[in-house]
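One structure is given below, encoded as structure tokens.
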Amino acid sequence: MMKIDVEGHERAVLEGAERALADRRIRDIVFEDFDDPPTAVAQLLQGHGYEVFSPDHSLLRPLAGPATRRAASLSGADPSYLATTDPRRALDRLSRRGWAVLGVGSAARPSGGSR
């Protein structure tokens, strides 16, 4: 899993990781992108076999839509996208009800742990 937040330099970071992308050593990549789709970053990832989703949310759970639309700002955050080499896994995890799927809430905390 890779999270990229480099204020507009995502493409340069990914170009530096070309070998890892080509070998598909990174299953999931979350990145910000302010450009209108299709973005250069999404196209680079798709060229390496990644499927790119535009995350959104509902009251009951996170959602994943096509990256052909601009990503929603979740809770005031910058627009982020999910690129994955395993779209079936990602969509399955996001289809579950509740927010514990993202590691939020008591179900995701280790027993005996506190915030």
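The values are calculated or read from the model by the stated rules, or taken from the named source; none is laboratory data. This structure is a prediction, so every number in the text was calculated from the model and none was measured. Positions of Cβ are generated from backbone atoms using ideal geometry, with glycine treated the same way; all protein chains shown enter the neighbour counts. Side chains are part of the model used for accessible areas, which takes the heavy atoms of the whole protein and leaves out ligands, DNA and RNA. Shrake-Rupley method; radii C 1.70, N 1.55, O 1.52, S 1.80 Å.
Filter the range 4-45 for residues that are in contact with a Pro (Cβ under 8 Å, 6 or more places away or on another chain) and hydrophobic (A, V, I, L, M, F, W, C) and give the result.
Listed by number, the list holds a single entry, Phe34.
Regarding the range 12-33, can at least one residue be identified that is assigned to a helix (DSSP H, G or I) and touching a helix residue (DSSP H, G or I) at 6+ places or on another chain (Cβ under 6 Å)?
Checking the range 12-33: at least one residue is assigned to a helix (DSSP H, G or I) and touching a helix residue (DSSP H, G or I) at 6+ places or on another chain (Cβ under 6 Å).
Quick check on this structure: which one of Arg24, Arg89, Arg70 is open to solvent by 80 Å² or more (accessible area, probe 1.4 Å) and modelled with pLDDT of 90 or more?
When all the criteria are applied, what remains is Arg24.
Kindly indicate the residue of the range 34-67 that is modelled with pLDDT of 95 or more and in a loop (DSSP other than H, G, I, E, B) and also least open to solvent (accessible area, probe 1.4 Å) among those meeting that condition.
Taking the candidates together, the pick is Tyr50.
Count, please, the residues in the range 5-14 that happen to be surrounded by 11 or more Cβ atoms within 10 Å (Cβ to Cβ) and of a type in the set (Asp, Glu).
The number of residues fulfilling the criteria is 2.
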